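Take a look at the structure below.
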Amino acid sequence: MPRKVILDVDPGIDDAVALAMALFDPRLEVLAVTASGGNVPPEQATANLQALVGFLDPPRLPRLGAAPTDTIRPEKPFNMHGSDGLGGIDLPQARLHGGTASEKVIWETFHAHPREVTFLALGPLTNLSRVLARDPAIVELIGEVVAAGGTAHGHGNATPVVDFNFYCDPRAARHVVREPLAKTLVPLETTGQVTFGFDLLDQLPAESSRAGALVRRMLPHAFRAYRQLLGTEGICLHDAVALVAVTNPELFDRATVAADVETGGELTAGMLVVDRRTVRQLRPNLDLLTGCDVEAVKDCILRGVATAGAGT
Ligand code: RIB
Ligand code: CA
């Protein structure tokens, strides 16, 4: 039976790669994809999500959620994704749904498939936090949460010690981390182990396929952004790695830890604080994926993109 998932995204180039992989992966049933602001403002995130799904034209159309527009985000320290969030490729706009709010789509999906759904968070945790606040009992209906976010040892990107997703909404990250539910974090140090060189561009599906056309137009921007903004000759696809943590968990090292999220401090708001003391107050409350088989994960990503390309 395919695994039922909700993808929560702030598209974002790496979100878009993960979305293309998931929509064509026969092991997954993508029930819904919900947008939140993060890499781009909420309205752009909603428009990008609709444009991506419209362009990819997957075999099964998921429900789509519109990003909340009343969020307050901190100043973005850098923009790796271009003015439109997708590398400036100007995808044709699409209007695939009536604009149901992400938190409503999520709430309804958990209720329609109690305890069966994996919530894969690839952006800030705002939407999930709002669902939990609106209906705390829903924690009983969530299968598990897998989130791209946090730092295992404080090696951040948005600040020296905070990853971008937790940086965007520290209170939401703390809320989710403290909830009594099965949760796995794919921290930045782990997703950042998986880097792609320029040869990636030679390994993508043909331009004639929709997924191939999408990634071939988007990814050159990522290489330029990483070189110009980070001075590196390669890119990470953090969200695609987090998706592989759902489809191929055997490729990851896992530790159950006691952790919380700091919500104060200019440098520390959003920091995942892991308590590794032998005598501690915090109880173990989440699984942290502390490492992975990098080459195997890269292979999964290349195969996932190829499968998406073969789908159209
Ligand atoms: O820090 C990487 C994360 O922040 C990824 O989800 C990327 O899309 C951005 O949202
Ligand atoms: Ca993202």
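A short reminder: the numbers here are calculations on the coordinates, not readings from a lab. The structure presented is a predicted model; accordingly, all values stated were derived computationally and were not measured. Using ideal geometry, Cβ is built from the backbone for each residue, glycine included, and neighbour counts are taken over all protein chains shown.
Would you please give the residues with an amide H less than 5 Å from that of CYS292, counting only those at least 5 places away or on a separate chain, with H modeled from the backbone geometry?
ASP253
For GLU29, which sequence-distant residues (separation of 5 or more, or a different chain) have an amide H within less than 5 Å of its own amide H, given hydrogens modelled in the peptide plane?
For GLU29, the qualifying residues are ARG3, LYS4, VAL5.
Under a GNM of the chain (C-alpha, springs under 10 Å), which listed residue has the highest mean-square fluctuation: GLN50, GLN228, GLN93?
Most flexible of the set in this elastic network: GLN228.
Only helices at least 24 Å long along their own axis, judged from Cα atoms, and with Kyte-Doolittle mean hydropathy of 0.5 or greater: name those in the chain from DSSP H.
294-311
Please state the Cα pair-distance histogram of segment 1-108 with 5 angstrom bins from zero: what percent is in each bin?
The percentages, shortest bin first, are 2, 13, 24, 26, 19, 10, 4, 1, 0.
Roughly what percent of Cα-Cα pairs across the chain reach past 26 Å?
Numbers: 18969 of 48516 pairs.
Within the chain, distances greater than 26 Å cover 39 percent of Cα pairs.
Summing -39500 (n - 2.57) over the DSSP H runs of n ≥ 4 in the chain and dividing by its residue number, what mean residue ellipticity at 222 nm do you reach, to the nearest 500 deg cm²/dmol? Don't skip to the end; give the middle numbers.
Values: 10 runs with 108 residues, N = 312.
Roughly -10500 deg cm²/dmol at 222 nm, from the helical runs in the chain.
Going by the alpha-carbon gyration tensor, a ≥ b ≥ c the square roots of its eigenvalues, is segment 66-179 rounded (a/c under 1.5) or, if a/c is not under 1.5, prolate (a/b greater than b/c) versus oblate? Let's see the in-between values first.
Details: a/c = 2.03, a/b = 1.16, b/c = 1.75.
In terms of gyration-tensor shape, oblate.
With +1 on each Lys and Arg Cβ and -1 on each Asp and Glu Cβ, how big is the dipole of the chain about its Cα centre, in debye rounded to the nearest 20? Intermediate results must be reported in sequence, preceding the final value.
Numbers: 28 positive and 37 negative charges, 82 e Å.
My answer is approximately 400 debye.
So if I take the alpha carbon set of segment 161-253, get Rg, then get Rh from the Kirkwood formula, what is the Rg over Rh ratio?
Values: Rg = 15.9 Å, Rh = 15.4 Å.
When Rh is taken as the Kirkwood radius, the ratio is 1.03.
What residue among PRO41, PRO284, PRO124 shows peak mean-square fluctuation when the chain is described by a Gaussian network model with Cα springs under 10 Å?
The residue that fluctuates most here is PRO284.
Expressed in whole Å with the largest first, what are the equivalent ellipsoid semi-axes of segment 93-246 derived from the C-alpha gyration tensor as the square root of 5 times each eigenvalue?
Details: eigenvalues 182, 89, 37 Å².
The equivalent ellipsoid of segment 93-246 has semi-axes of 30, 21, 14 Å.
Based only on Cα atoms, what mean projected area does the convex hull of segment 156-205 have, in nm²?
On the way: hull surface 21.6 nm².
The number I arrive at for segment 156-205 is 5.4 nm².
How would you classify segment 193-246 from its alpha-carbon gyration tensor, with a ≥ b ≥ c the square roots of the eigenvalues: rounded for a/c under 1.5, else prolate if a/b is greater than b/c, otherwise oblate? Mind dumping the intermediate values first?
Values: a/c = 2.07, a/b = 1.19, b/c = 1.74.
It is oblate, given that a/c is not under 1.5 and a/b is not larger than b/c.
Under 5 Å between amide H atoms, partner at least 5 residues away or on a different chain: which partners does ARG63 have, H built in plane at 1.01 Å?
ALA32, VAL33
What is the mean projected area of the alpha carbon convex hull for segment 83-129, to one decimal in square nanometres?
Values: hull surface 19.0 nm².
It is 4.7 nm².
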